[in-house]
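Down below is the structure, laid out as structure tokens.
The values are calculated or read from the model by the stated rules, or taken from the named source; none is laboratory data. Keep in mind it's a predicted model, so treat the numbers as computed, not measured. Here the Cβ positions follow ideal geometry from the backbone for every residue, glycine too, while neighbour counts run over all protein chains shown.
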Amino acid sequence: MKEHVHHLKDEEVNILLNDLLEQYGYDFTDYSFASVKRRLQRVYINDRFPSFAEFRYRVIRDSTYLTYLMEQITVNVTEMFRDPAFFQALRKQVLPVLATYPFIRIWHAGCSTGEEVYSMAILLQEMNLLHKSVIYATDINESVLEKARKGIFPLAYMQQYSQNYLQSGGQHDFSRYYAANYEYAKFSESLSEKIIFAAHNLVTDRSFNEFQLIICRNVLIYFNKDLQDKVLHLFSESLEQLGFLALGAKETLRFTTVAPLFKPLAQKEKIWRKIAT
Amino acid sequence: MTVSLPRTLVIGGSAGSLDVLLQLLPSLDPACRLAIIIVLHRKSDNETLLSDLLATRSVLPVKEAEEKDLLRPGMVYVAPADYHLLIEPDGTLTLDYSEKVHYSRPSIDVTFSAAAEVFKERLACLLLSGANTDGADGLQMVQAMGGVTAVQDPGEAEVAFMPRHAMTVMQVDRVLKQKEMAEWVMSL
């Protein structure tokens, strides 16, 4: 079958993962193998490499290609106010508590191109908390952070985002937050001035501050059990007592080693509160 | 790899396939030892309505697939709305929130292909009614890796396009009428 000629074998995937680790220090060995393999396979086919050897040579020798490959391996699909019920829970159950603090520190881990970070900044601004907040937004991937810093998203998505925003309890005309220019929407700089975008690798980097809220949605699903536990411990260490942890719709603390340290706050919306250290 | 993987059946469907499943699942033998995965196109709501509905009719236990679930024989797993479903070499499940494929998440191609790589000849895949081209690439992959391929008879399907499309791009092993499906499943 012709279309299956360019099919990466499991061994070849392992060779590439080993190259990325030895050559560049990016460790994907504790990622979901099926997901990483599928991503690599896609690049291999789309870029029409005649053989695995040429693919590998390019990855090892061409650092520009590596940047691109990193962006392709990690999943960077996200949207503003995704799962409106989650953002509603933030509005109603989390931010009123954070409002009582003199200074609010939030960490978005695995923020990708930043859609959820801007959503959070909008919530904080609407509750008049943004002025005393700092949002640290991190990702393994420099090129998505560069996009996130710009705060420019396709105008075509605004209708969906506006709908999500209203469903999350937003009361304004969503278009007040961006300036439309041709097919792009540029979000207001009053939102981004309290956001610090920085590279951070959850696999290898340590805690860098103490937060009252950590948001990490649809990142852990790509990690194996050991790495999930390791990252959850990093989050636990980086949270103040009674701090909040928010995960993706299909992620859970159940069966993890940090489970006893947290109690569920909003079970369906996947928000926990740290109750022990 | 020393783990023993269950024989697995993946069923993919789109428009018009829910009724087929609602007839098929009650007619299976409770002694069935297949792990069954269902990938159905639907709205991207965040509810477990579909697995709840299928559970009311199925003779085998049905659950919504969760990440890290280990596939077990005699269980039915339903891919959750708005996630792709992948299978790891050790037979555990991975959810994936990457780009839609054929405008769909979950995509049938994604799960068929992932299953083909892991289960090879211990896999059968059945493609049901639908108005999409999803599933055909995955079925070819299943066949190339030694698995069994089948489609719902387009003459019977509520929307013939999807199974017919698969039949135009490949030679599927079986074309099944509704009344033949349960027996075929039990023969796997």
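So here's what we get for this one:
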{"quantity": "Hey, A:Ala34 in a helix (DSSP H, G or I) and surrounded by 15 or more Cβ atoms within 10 Å (Cβ to Cβ) or not", "calculated": "yes"}
{"quantity": "Cβ-Cβ under 6 Å pairs, at least 6 apart or on other chains, the range A:33-62 side within 14 Å of another protein chain (Cβ to nearest Cβ), far side among the acidic types (Asp, Glu)", "calculated": "A:Phe33/B:Glu88; A:Ala34/B:Glu88; A:Ser35/B:Asp96"}
{"quantity": "Filtered residues of the range A:221-277 (kept if touching a residue at least 40 places away in the same chain (Cβ under 8 Å), assigned to a strand (DSSP E or B) and under 23 Å from A:Phe33 (Cβ atoms))", "calculated": "A:Phe223"}
{"quantity": "Residue within the range B:161-173 that is part of a loop (DSSP other than H, G, I, E, B) and hydroxyl-bearing (Ser, Thr, Tyr) present", "calculated": "no"}
{"quantity": "All positions within the range A:249-263 that are surrounded by 15 or more Cβ atoms within 10 Å (Cβ to Cβ) and in contact with a strand residue (DSSP E or B) (Cβ under 8 Å, 6 or more places away or on another chain)", "calculated": "A:Lys250, A:Leu253, A:Leu261, A:Phe262"}
{"quantity": "Answer residue from the range B:102-114, given it is of a type in the set (A, V, I, L, M, F, W, C) and within 10 Å of chain A (Cβ to nearest Cβ) and is nearest to B:Lys43 (Cα to Cα) among those", "calculated": "B:Val110"}
{"quantity": "Residue ID - surrounded by the most Cβ atoms within 10 Å (Cβ to Cβ), chosen from residues in the range A:228-244 that are farther than 12 Å from A:Ile275 by Cβ and in contact with a strand residue (DSSP E or B) (Cβ under 7 Å, 6 or more places away or on another chain)", "calculated": "A:Phe235"}
{"quantity": "Given (1) under 23 Å from the mean Cα position of the chain (by Cα); (2) under 24 Å from A:His233 (Cα atoms), number of the condition A:Val97 does not satisfy", "calculated": "(1)"}
{"quantity": "Scope the range B:38-57; condition small (Gly, Ala, Ser) and either within 18 Å of B:Ser98 (Cβ to Cβ) or at pLDDT 95 or above (or both); matching residues", "calculated": "B:Ser44"}
{"quantity": "Some residue of the range A:18-25 being touching a Phe, Trp or Tyr at 6+ places or on another chain (Cβ under 9 Å) and either away from chain B (no Cβ under 14 Å) or without any contact (Cβ under 8 Å) to a residue 24 or more places away in the chain (or both)", "calculated": "yes"}
{"quantity": "Residue pairs meeting the criteria (Cβ under 8 Å; at least 6 apart or on separate chains; first within 21 Å of A:Lys186 (Cβ to Cβ) and away from chain B (no Cβ under 14 Å), in the range A:77-100; second surrounded by fewer than 18 Cβ atoms within 10 Å (Cβ to Cβ) and among the hydroxyl-bearing types (Ser, Thr, Tyr))", "calculated": "A:Met80/A:Tyr157"}
{"quantity": "Condition broken by A:Arg176, with the remaining ones in (1) over 30 Å from A:Ser63 (Cβ atoms); (2) free of Cβ contacts under 8 Å to residues at least 12 places away in the same chain; (3) in a loop (DSSP other than H, G, I, E, B) satisfied", "calculated": "(3)"}
{"quantity": "Subset of the range B:79-101 that is in contact (Cβ under 8 Å) with a residue 60 or more places away in the chain and surrounded by fewer than 19 Cβ atoms within 10 Å (Cβ to Cβ) - its residue that is farthest from B:Lys120 (Cα to Cα)", "calculated": "B:Asp90"}
{"quantity": "Pick from the range B:16-34, criterion crowded, with 18+ Cβ neighbours inside 10 Å and among the small types (Gly, Ala, Ser), ranking: nearest to the chain's Cα centre (by Cα)", "calculated": "B:Ser17"}
{"quantity": "All positions within the range A:169-192 that are closer than 17 Å to A:His131 by Cβ, out of contact with any Gly (no Cβ under 8 Å at 6 or more places or on another chain) and surrounded by fewer than 16 Cβ atoms within 10 Å (Cβ to Cβ)", "calculated": "A:Ser190"}
{"quantity": "Among the candidates A:Leu166, A:Leu124, residue that is buried (at least 17 other Cβ atoms within 10 Å of the Cβ) and of a type outside the set (Gly, Ala, Ser)", "calculated": "A:Leu124"}
{"quantity": "Residues located in the range B:32-73, provided they are free of Cβ contacts under 8 Å to residues at least 40 places away in the same chain and farther than 20 Å from A:Gly248 by Cβ", "calculated": "B:Asp52, B:Leu53, B:Leu54, B:Ala55, B:Thr56, B:Arg57, B:Ser58, B:Val59, B:Leu60, B:Pro61, B:Val62, B:Leu70"}
{"quantity": "Residue list for the range A:102-156, restricted to those being among the hydroxyl-bearing types (Ser, Thr, Tyr) and either outside the structural domain of A:Cys216 (by TED's automatic domain parsing) or part of a helix (DSSP H, G or I) (or both)", "calculated": "A:Tyr118, A:Ser119, A:Ser143"}
{"quantity": "Residue in the range A:10-20 that is farther than 25 Å from A:Asp205 by Cβ, surrounded by 18 or more Cβ atoms within 10 Å (Cβ to Cβ) and out of contact with any Lys or Arg (no Cβ under 6 Å at 6 or more places or on another chain) present", "calculated": "yes"}
{"quantity": "Residues being over 16 Å from A:Asn218 (Cβ atoms), assigned to a loop (DSSP other than H, G, I, E, B) and not assigned by TED's automatic domain parsing to the domain that holds A:Thr138 - total across the range A:53-101", "calculated": "1"}
